[in-house]
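Undergrad: Attaching a single structure in structure tokens format; questions to follow.
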Amino acid sequence: MLLTASVIFWGMQTRLTSQPAEPITIALNNGVQMPVHAVGVGSAGGSVRAVISANIAAGVMHIDTSQLYGTDALVGEVLALVPREALFITSKVAPCSRMQGRLLVSGAAECRERTAAQIASNLANLRVPRVDLLLIHLPPPEGCAESCVLLQAQWAALEVAYSAGYARAIGVSNMCRECLECLLVTARTVPAINQLNYQAGIGPEGESLRQLCAERGIVVESYGGHRHGALALPAVLSAAAARGVPPSRVAVRWLYQQGIPVVSTSANPAHIADTQAAFTDPQMALSPTEMAEIRDDPEGQRASPCLFATFG
């Protein structure tokens, strides 16, 4: 399909006409097809327009945002210039907490009410009647052991939004074992996604979390695949040198071969193309030995891939 849209680029309104390739997708547990490459605006800073515009021009139509980024209204301005049916939009809500953060609540009932209001505000700012994927951005700041009931209440609010058609799929972000087990006790809908700081060199503990999610039909999505630590691992550098490609392409390919979608942030067309090539370049196939060596590289990250959480 020929895509023609006006997009704000570096403060100027530009008419883009492109013929993007059909996106590579992964099936979520409710059958929704999600593009495996998303552009995230969390680290875009003042370059949100440029980042989104450059990616749309390159055919990356999966946009990942969150109310916590404080840029929803700006994202909505840019996306309003693109046909809604051409986009896959992921957004996130702030976690409920009795102690700190944006969504301070006194208990479960207020958590459900304030989450519903946050979802309505999110949709209004993004100028859409629904998003394709809606996530809880973080566990409760006080931890899931202490505030399990709040996490369960917030998930119930997302389930209501899902049933009402405000999201085509729902999921979580930065949730490790303890939080997932808490949520699943009362959940009527299993999360479709768990978005994590998952990257090359994650080690066996990170792999065990991915397997836990897989056993429950939850797709792990990576927002940390391009971190410089991952790109400097000897196993990644070796695989890149053998193919004559940048290390970032190997790091992304390592994720893709495990069925892990990737969120990246760049306004540089060359960097965007490099990420896309990790999915499509036939020479990028990694052997089982390379996959294991990259996962277990001793110089890799050994901290939890779940922000403010532990493996539990």
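Undergrad: Using the Kyte-Doolittle scale, find the helices of the chain whose mean hydropathy is at least -0.5 and whose Cα atoms extend 24 Å or more along the helix's long axis, counting only whole DSSP H runs.
TA: Membrane-span-like by this rule: 108-126.
Undergrad: Next up: Just to confirm my understanding: which cysteines in the chain have no other cysteine beta carbon less than 4.7 Å from their beta carbon?
TA: By the Cβ distance rule, which asks for a partner under 4.7 Å, the isolated cysteines are Cys213.
Undergrad: OK, next. Using per-residue counts of other Cβ atoms within 10 Å, averaged over each peptide, order 48-59, 120-131, 82-93 from highest down.
TA: My ranking of the peptides, most packed first, is 48-59, 82-93, 120-131.
Undergrad: So, one more: At 0.36 nm per residue, and after removing the present C-alpha to C-alpha distance, how many nm does the segment from Asp281 to Val190 gain when stretched out fully?
TA: Stretched fully, the Asp281-Val190 segment lengthens by 29.4 nm.
Undergrad: Given only helices, namely DSSP H runs of n ≥ 4 each adding -39500 (n - 2.57), what is the per-residue ellipticity at 222 nm of the chain, to the nearest 500 deg cm²/dmol? Could the numbers behind the result be given before it?
TA: On the way: 11 runs with 120 residues, N = 312.
Taken over the chain, the calculation gives -11500 deg cm²/dmol.
Undergrad: Net charge near Gln276: determine it from the other residues with C-beta under 15 Å of the C-beta of Gln276, scoring Lys and Arg +1 and Asp and Glu -1.
TA: Net of charged neighbours comes to -1.
Undergrad: Find out how many positive minus negative residues lie around Glu77, taking Lys and Arg as positive, Asp and Glu as negative, among other residues whose Cβ is under 9 Å from that of Glu77.
TA: The answer is +2.
Taken together, the values in this text are just the output of simple stated rules run on the coordinates, not laboratory data. Model, not experiment: these values are computed from the prediction. Methodologically, a virtual Cβ is constructed for each residue, glycine included, from the backbone with ideal geometry; neighbour enumeration extends over all protein chains shown.
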